[in-house]
């Protein structure tokens, strides 16, 4: 990506910690508008922590988090969705005792524009027809795949500019995983910038334009996705060769 | 002869049933505050009974003052009810802000102790400002009633049951049909995810305290009208009984609080009527201990359906 474009999201030497244990030891990364960027790495490398730190659920103790060029370190988590920064967290975190429809409504909680909300709801139902069928069911009674769809639908109801996705493939059957990734591409083609955290490096790198490789809280490599995909070290460490 | 004796028993039974519903409704209103607060921040708010007492006092102060301004008694009652509920809602928000919010990240024991401290503080505050003696309620507002043989239903009881039902319906609509209610349920289910969809959990917690205290204030006025007086320490025993009701129903569960309140009210009245009036307070605590021993999750369980807030 050209240097003269401002990144929509940027991390500069971000450090965050659980108590005294540092989980991120100075992460720097850039995400440009319209991209799909993936963060890959082993379990415990700090991928989810990175997303939770961006959303200020975990507070960064050092470094800068910039969104559209503005420092957002001190902006409360519950303000960020209205700025266009949304996350589908690890494990999807569906509200189990709210109905599918209520879960989707929660995605649009901060919005007042009734007509646009209705339009977005139709769009979500077009992407995930299953959700329309199940809209009166409790979130907790859905299958894993349906919960992933609901979590993504809920995030889309916030009309995000940047969507942070944490392990969307986790625990899903291969056919469903393919479907979910197709939808991620479709959402991206409609103008949403995507940050994709994945353990399934192969799939993630095929979907993304660029990738960052995380190891124990630091970025050890960053490159175009297809270059990472053919890099022998990466193939050995993350693609099981 | 045996027939008429049987009928007297029947009338006595019906009378106890009516009294039990009245008292049970009051316990249910208080229990809702315990259960909603527990549902949202897993705190047993031991200061909750004090909102009930504060509501009872504010009610009698306002009714007397409004009456002295020449207002119609019914208007006095309605206005005093609304204002007392508002006053206790604000009081509870202040208590939450001062005594619980700073301890959000602290251990649950710390918040629990803070709640006990708040209870003592509020109760003594009431004693110092209002005195240690009972304060009489103007009972003529709702005097009179219906009688069928030995069964009598006072207008007061009708008023209490009717108001309780109205408040419960209102609460149900608020929690299950409105945006704020959805946010309350979402916050109780997953605070991190609630923040990620843009819900300010501190605001939701504050609103939850306000609603619970408003309901307790209404209960305080009802009890004042029913028994004819209020006392600075009146929050303690009904507070603990309502807590027993919330635990019996399944703490955190709204429907459970209603069922638990009615059961505790019934048991107390029937025990007083058929066993001994002197020991009536004991039965609620026997139930509390029994529930905690045999089924700590209560009748509705904590997590088995969607009526938890």
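Between rounded, prolate and oblate, where does the protein assembly as shown land on the alpha carbon gyration tensor, with a ≥ b ≥ c its root eigenvalues, rounded for a/c under 1.5, else prolate if a/b exceeds b/c?
Values: a/c = 2.71, a/b = 2.37, b/c = 1.14.
Since a/c reaches 1.5 and a/b is larger than b/c, the shape of the protein assembly as shown is classed as prolate.
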- Message: Suppose only helical runs count, i.e. DSSP H with n ≥ 4. What mean residue ellipticity at 222 nm does that imply for chain A under -39500 (n - 2.57) per run, divided by all residues and rounded to the nearest 500 deg cm²/dmol?
- Response: -10000 deg cm²/dmol
- FRET efficiency, residue A:220 to residue B:169 (Cβ-Cβ, R0 51 Å, nearest 0.05): 0.25
- residue A:110-residue B:229 FRET efficiency (beta carbon distance; Förster radius 51 Å; 0.05 resolution): 0.60
- Report the residues of region B:147-184 in range of a label on residue A:101: point 7 Å along Cα→C-beta, backbone N strictly under 17 Å from it. B:173-183
- Task: Please give the length that would be gained between residue A:135 and residue A:12 if that part of the chain were fully extended, namely 0.36 nm times their separation in residues minus their C-alpha to C-alpha distance (nm, one decimal).
- Result: 40.2 nm
- Query: Would you list B:34, A:212 from fewest to most Cβ contacts within 10 Å?
  - Reply: A:212, B:34
- Roughly what % antiparallel, to the nearest 5, for the DSSP beta bridges in the protein assembly as shown? 60 percent
- Is the shape of region B:191-309 rounded, prolate or oblate, going by the alpha carbon gyration tensor and its root eigenvalues a ≥ b ≥ c, with a/c under 1.5 for rounded and a/b larger than b/c for prolate? oblate
- Message: Need one number: nm distance between label points at residue A:62 and residue A:20, each 7 Å from Cα along Cα→Cβ, rounded to one decimal.
- Response: 1.7 nm
- Query: For peptide B:195-207, how many partner chain Cβ atoms fall within 10 Å of a residue's Cβ, on average?
  - Reply: 6
- Largest fluctuation, B:255, B:208, B:178 only, Gaussian network model of chain B with Cα springs under 10 angstrom, belongs to B:178
- Note on the structure: Expected sort for A:100, B:169, A:195 with the fewest Cβ neighbours (10 Å cutoff) up front is B:169, A:195, A:100
- From the Cα gyration tensor of region B:109-241, with a ≥ b ≥ c the square roots of its eigenvalues, which class applies: rounded if a/c is under 1.5, or else prolate if a/b is larger than b/c, or else oblate? oblate
- Message: I need the calculated FRET efficiency for the pair residue A:118 and residue B:278, taking r as the beta carbon distance and R₀ as 41 Å, to the nearest 0.05.
- Response: 0.05
- Item | Shielding by other protein chains, B:188-194, mean Cβ within 10 Å | 6
- Note down the nm distance, to one decimal, between modelled labels 7 Å out along Cα→Cβ at residue B:120 and at residue B:176. 4.2 nm
- Task: For chain A, find the longest principal axis of its Cα atoms and tell me its angle to the long axis of helix A:144-156, 0 to 90°, nearest 10.
- Result: 90 degrees
- Message: What is the angle, in °, between the Cα long axis of helix A:114-127 and the longest principal axis of the Cα atoms in chain A? Nearest 10 is fine, range 0 to 90.
- Response: 80 degrees
- So, in Å, what gap is there between the alpha-carbon centers of region B:127-151 and region B:161-184? 28 Å
- Item | Paramagnetic reach from residue A:70 (point 7 Å along Cα→Cβ, amide N under 18 Å) across region A:86-121 | A:86-87, A:110-112
- Message: To test your reading of the geometry: what angle, between 0 and 90 degrees and rounded to tens, separates the Cα axis of helix B:73-95 from the longest principal axis of chain B?
- Response: 30 degrees
- Item | Footprinting exposure proxy for B:5, A:133 (fewest neighbouring C-beta atoms within 10 Å first) | B:5, A:133
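Every number in this text was worked out from the coordinates using simple rules, so none of it is lab data. Fair warning: this is a prediction, and the values are worked out from it, not measured in the lab. Virtual Cβ from ideal backbone geometry, glycine too; neighbours counted across all protein chains shown.
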